[in-house]
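The values are calculated or read from the model by the stated rules, or taken from the named source; none is laboratory data. Small disclaimer: the values here were computed from a predicted structure and weren't measured. Quick reminder, even Gly has a Cβ in these numbers, built from the backbone with ideal geometry, and neighbours come from all protein chains shown.
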Amino acid sequence: MKKVELGKTGIKVSRLGIGTGTGLPSGHCAQALMDTNELSGLLLYALDRGINHWDTAFQYNTYSHIKEALKQVKREDVVLTTKFSAAHEKETIRDFNTTLKDLNVDYVDVCLLHGVRTNAELQMRSGALNAMVKLKKEGKVRAVGLSSHGLGVLNSVLEMPELDLVWGRVNYAGLHMDTECLGMYDQMASVYWLKKCYKLLPERVKLLIRPKASHEPIAEDERNEVEATLQKIHSQSKGIVGMKVLAEGMLRDDAEKAVKYVNSLSFVDSYIIGMLNREEIDENCRIVNAENTVSEDVEK
Ligand SMILES: NC(=O)c1ccc[n+]([C@@H]2O[C@H](COP(=O)([O-])OP(=O)(O)OC[C@H]3O[C@@H](n4cnc5c(N)ncnc54)[C@H](OP(=O)(O)O)[C@@H]3O)[C@@H](O)[C@H]2O)c1
């Protein structure tokens with residue numbers, strides 16, 4: 001599996017990374033529901049095939065599985081990304097320290113603000129970002145960034161030299177990608193205290209505010225804008241990691257096309273796919289390895 005540097009971070013990752021936060025229609029995380037040995041075995045199976053980039057988050061409930069897998073490898077053989085949803089500095093440091101303890105590690109490679117939706121939210125979470133920058137100075141984190149859930153946020157990244165990299169949602173179909181037109185829940189959840197209030201609402205009101213995920217693609221010009229903005233961010237020497245490559249599984253019948261598409265984007269250093277079994281790992285490795293052999297031959 002081909003390795004690439006994430007922007008100018010000095011961190012080398014495989015083109016294909018493995019996610020541990022795939023959402024199920026029930027709202028649960030598929031990997032968190034796996035037995036500890038099942039997911040840790042899957043991560044080690046992926047590592048054996050050259051996939052050294054493991055993606056998690058404080059919210060996924062997969063730290064115990066990852067800890068188990070890490071027991072069996074050298075720490076430096078794996079690039080660990082985690083993400084935090086807290087808004088303030090103190091809470092982020094607290095969650096980060098819990099992370100180190102739960103994973104039984106003394107550093108994390110990549111630390112991200114998790115799923116930032118709007119610029120207002122980005123401002124409100126400046127304390128969390130300060131915490132990550134401090135942790136990087138202390139040598140506990142190697143690179144700092146955000147995962148984006150809104151087109152406006154991607155544009156703001158261009159003015160943020162403190163960010164080393166960005167996780168952006170990208171697939172050929174424009175499904176589950178960043179848009180300016182956020183629904184009521186995303187607008188509400190982007191305001192920290194309103195997100196807390198949402199949790200207290202009765203279920204039927206919650207359903208009105210947050211209908212089932214949209215199965216509609218974003219407009220073609222918005223998809224082009226997402227890609228153009230990621231390209232600009234990459235040209236500032238920041239790392240770009242693609243996610244939602246299979247649109248949360250909606251593109252499963254066109255997996256080959258979906259993987260080839262993200263692999264063809266010159267501004268995407270690496271991409272994370274939620275792979276739930278060995279067959280998916282094998283199949284995606286086959287596609288990625290074949291594509292990268294072809295492109296290396298063309299480069300020669
Ligand atoms: N930063 C963020 O804000 C954020 C948010 C969400 C997720 N993430 C991360 O990004 C990762 C990827 O997102 P995701 O898992 O939601 O979506 P995804 O990678 O677009 O889709 C994952 C689904 O694709 C299917 N799949 C994968 N390889 C396949 C193959 N070769 N053939 C057929 N189907 C295949 C699997 O579904 P079936 O097995 O059901 O077919 C899998 O559940 C997550 O796991 C998580 O680590 C980050």
Exactly one of ALA46, ALA69, ALA86 is part of a helix (DSSP H, G or I) and in contact (Cβ under 8 Å) with a residue 40 or more places away in the chain, and that residue is ALA46
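Pick from GLY23, GLY19, GLY7: which is near the ligand (Cβ under 9 Å from one of its atoms), in contact (Cβ under 8 Å) with a residue 40 or more places away in the chain and buried (at least 21 other Cβ atoms within 10 Å of the Cβ)?
GLY19
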Scanning segment 49-80 residue by residue, the ones that are closer than 24 Å to ARG286 by Cα and out of contact with any helix residue (DSSP H, G or I) (no Cβ under 8 Å at 6 or more places or on another chain) total 3
*Kindly check whether there is at least one residue in segment 234-253 that is of a type in the set (S, T, N, Q) and in a helix (DSSP H, G or I).*
yes
So the strands (runs of 3 or more DSSP E) completely within segment 94-180 holding 1 or more residues that are buried (at least 17 other Cβ atoms within 10 Å of the Cβ) and without any contact (Cβ under 8 Å) to a residue 60 or more places away in the chain are 108-116, 141-148
Per the filter on segment 121-166, residues closer than 17 Å to GLY10 by Cα and touching a Gly at 6+ places or on another chain (Cβ under 8 Å) are ARG142, ALA143, GLY145, LEU163, ASP164, LEU165, VAL166
Across segment 26-43, the tally of residues that are within 14 Å of the ligand (Cβ to nearest atom) and either outside any strand (DSSP E or B) or farther than 23 Å from LYS244 by Cβ (or both) stands at 12
Screening ARG223, ARG252 for residues that are modelled with pLDDT of 75 or more and away from the ligand (no atom under 12 Å from the Cβ) leaves only ARG223
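Quick one: would you say GLY274 is at pLDDT below 95, out of contact with any His (no Cβ under 7 Å at 6 or more places or on another chain) and within 12 Å of the ligand (Cβ to nearest atom)? Write out each step before concluding.
On the way: at pLDDT below 95: no; out of contact with any His (no Cβ under 7 Å at 6 or more places or on another chain): yes; within 12 Å of the ligand (Cβ to nearest atom): yes.
The answer is no for GLY274.
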